[in-house]
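Notes follow the structure.
The values are calculated or read from the model by the stated rules, or taken from the named source; none is laboratory data. Since this is a predicted model, take the numbers as computed values, not measurements. Counting neighbours? That spans all protein chains shown, and the Cβs are built from the backbone with ideal geometry, glycine included. Keep in mind that these areas ignore ligands, DNA and RNA; they rest on the heavy atoms of the full protein, side chains included. Shrake-Rupley method; radii C 1.70, N 1.55, O 1.52, S 1.80 Å.
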Amino acid sequence: SLLYLQEPSNKRVRPLARVTSLANLISPVRNGAVRRFGQTIQSFALRSDSKSPGCPQKSCSRSAAPTPPKRRNSVLWSEMLDVNMKESLSTKEIKRQEAIYEMSRGEQDLIEDLKLARKAYHDPMLKLSIMSEEELTHIFGDLDSYIPLHEDLLASLGEATKPDGTVEQIGPILVKWLPRLHAYKGYCSNQLAAKALLDQKKQDRRVQDFLQRCLESPFSRKLDLWSFLDIPRSRLVKYPLLLKEILRHTPKDHPDIQILEEAISIIQGVLSDINLKKGESECQYYIDKLEYLDEKQKDPRIEGSKALLCHGELKNKNGHKLYVFLFQDILVLTRPVTRNERQAYQVYRQPIPVQELLLEDLQDGDVKMGGSFRGAFGNSDKAKNIFRVRFQDPSPGQSHTLQANDVFHKQQWVNCIRTAIAPFQRTAAAAELKELPELSEESEENNPAASNIKAQKRQSAMSGITEMELDESTAECGSILDSEEAKGVKTHRTPSGHRKTREKQLSGKQKETLV
C-alpha cells in the first residue's frame, strides 16, 4: 500500500508561477464580457496541460509557442474597384479617394481598438480583482465615451459614399465633426499620471502575468496595454496629415478646396488647445511631486508655472544623478527619491530664476570627473557633453556643472536654456545701452577719448550676451520631453516689457500640433 502513496517519477511538478497564473484564476464557467477573452487565456494553459506527463520536454516547449499576431486587412481602395470603373477615373482622383478611404478605415480600426481595450483589458482585470475600479478608471479614463464620437464620423462618411465607392465631398462633414475632438482634452491631460500608475501596478505579479498573457495573444498584435491607451493621441496628430493629403489630391476647382483648408485650420486649433491643457497638466504633475528640504527653496515662480520647457536626467560633476526641470521662469535641480513606492523629486540646492541664470557651454575635457580642471587626471577622466549653469550674482556661490548622456541631449538642453533666457538678456542689454550718453559725431571726432569711452561702455554692456553665445536659430528642446510644451506663459517679478517679449517668443515656438 505504500507504493500508492509514492509520487510517480515522471510526474511533472507545476511551478508556483503556473499555479498563481491568470489562466487558473478564471472560472471554467465564463460569461459576460470575459467569455472570449477567457477562452483565449485558457488556450495557453491547454496547450501544455493537455500533454501527457511523460511527453518529452522538447516537444512540450514547441507546442507552447505563442500564436502569430492577428494582422489587419490592408486592402487599398483602388484594389476593390472593377477594371472599368478604375479606367474612368483620373490618377489624381484615385489618389484622392485613396486618402479618403484611409481616413475612413482608420476610424474603423480606432473604434475596434477602443472596444478591445475595454473587453480584453479593463473588464477582465476588474472581474478578477487584479486592479480596483478606481485604479482602472484612473488608467483608462473615459475611453468608452469616445467610441460614439468616431462612430458618428464613420457613419457620415458611409452616407456620403456613392454606390460606386467614391465620395464627392468630404469637407462639410469634417468641418462639422472636428470641433468635437475637444472632448479629448481631459483624456490627454491625464495620460502622464495614468502611465505612472500603470508602471507602478506592473510591479504586481498578477498584473504583470495578466499583461504578459495578453501580449502573447493574437488579438494584441504584439502591442502592450499602453499602446492601446495611447492610440487616441496618436490618431489625433494624424488628422492634419490626412486632411493635407486629401487636399493635395483635390483639384483646384473642386468645391472641397476652401472647406478642407478650413478643416485643417480647425484641427490645428483643436490640437493646440489640447496641447496647452496637456502641458499645464504635465507641469502641475511634476510640481506636486517636488519636496523641499528648506523653506527658502520655495519660490512662487515654481507654483505659478504653467509650462515645462524641458526636463530630464543629468549628472553633476561628481557623477551623481540629478533630475532637472526648466519651468518657464525658473530652473530647478532635484534628486529622484521614492516615497511609499511613488516617485518624488527632492529639490537640490537653490532654484535659479531664469532672469538670473547664466549658461556656459563647456567643451569636452574642460572639466574632469570629480570636479577638477584640465590636467589633473588622465584623458579617460575627461568629461564630455557638459555645460554649466549659475546665478548672475556670484554671492549665492552656486554653480552647477551638468553632464548629458550624449551630445544630442546636451545640445537640446543648451538650446532650450538659451531660448528661455534670451528675452531677459536682450532686454537688459537694451536698457543698459539706452542709459549710455549720446555723443554727436562732431564731438566724437574732436574728442577721441570720449569716443573710446562710449565704445568701452557698449562693449561692457554687450558682454553678457556675447558670453552666452546666443543663437537666433537655436532649436526647441521638445524632443527631450516625452510630452510636449504648453503655450501658457506666466511670469513673476518680471517687468511687463520682459513678459510680453517672452510670451511672444514662447507662443511662437509652442504652437506645433504635438499632443
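What does the extension gain come out to for N318 and A183, with contour length at 0.36 nm per residue minus their alpha carbon separation?
Extending this stretch completely gives an extra 43.9 nm.
At 7 Å along Cα-to-Cβ for each site, give me the label-to-label distance between V407 and D224 in nm.
3.2
Would you compute, for the Cα atoms of the range 193-262, the largest minus smallest coordinate along each principal axis and list the three values in descending order, in whole Å?
Ordered largest first, the range 193-262 gives principal extents of 61, 29, 11 Å.
With r as the distance between the Cβ atoms of L89 and A344 and R0 = 51 Å, compute the FRET efficiency 1/(1 + (r/R0)^6) and round to 0.05.
The calculated FRET efficiency here is 0.25.
Taking a probe of 1.4 Å, how large is the accessible area per residue of the range 230-323, in Å²?
Dividing the accessible area of the range 230-323 by its residue count gives 46 Å².
Of K92/K162; K278/K306; K277/K298; K127/K185; K115/K162, which ones are farther than 22 Å apart at the Cα? Numbers along the way, then the final one.
Values: K92/K162 18 Å; K278/K306 10 Å; K277/K298 25 Å; K127/K185 29 Å; K115/K162 28 Å.
Correct reply: K277/K298; K127/K185; K115/K162.
Out of every Cα pair in the range 224-264, what percent are spaced more than 13 Å from each other?
Here the tail beyond 13 Å accounts for 58 percent of pairs.
Between D366 and S145, 0.36 nm times their residue separation minus their Cα-Cα distance comes to what?
This chain segment gains 73.9 nm when fully extended.
Considering the convex hull of the alpha carbon atoms of the range 280-332, report its projected area averaged over all viewing directions, in nm², one decimal.
3.9
How much accessible surface does S399 have with a 1.4 Å probe, in Å² rounded to 10?
60
I need two numbers for the range 77-288: Rg to one decimal and Dmax as a whole number, Cα atoms only, in Å.
In order Rg, Dmax, the Cα atoms of the range 77-288 give 20.0, 64 Å.
How much of T334 can a 1.4 Å solvent probe reach, expressed as accessible area in Å² and rounded to 10?
0
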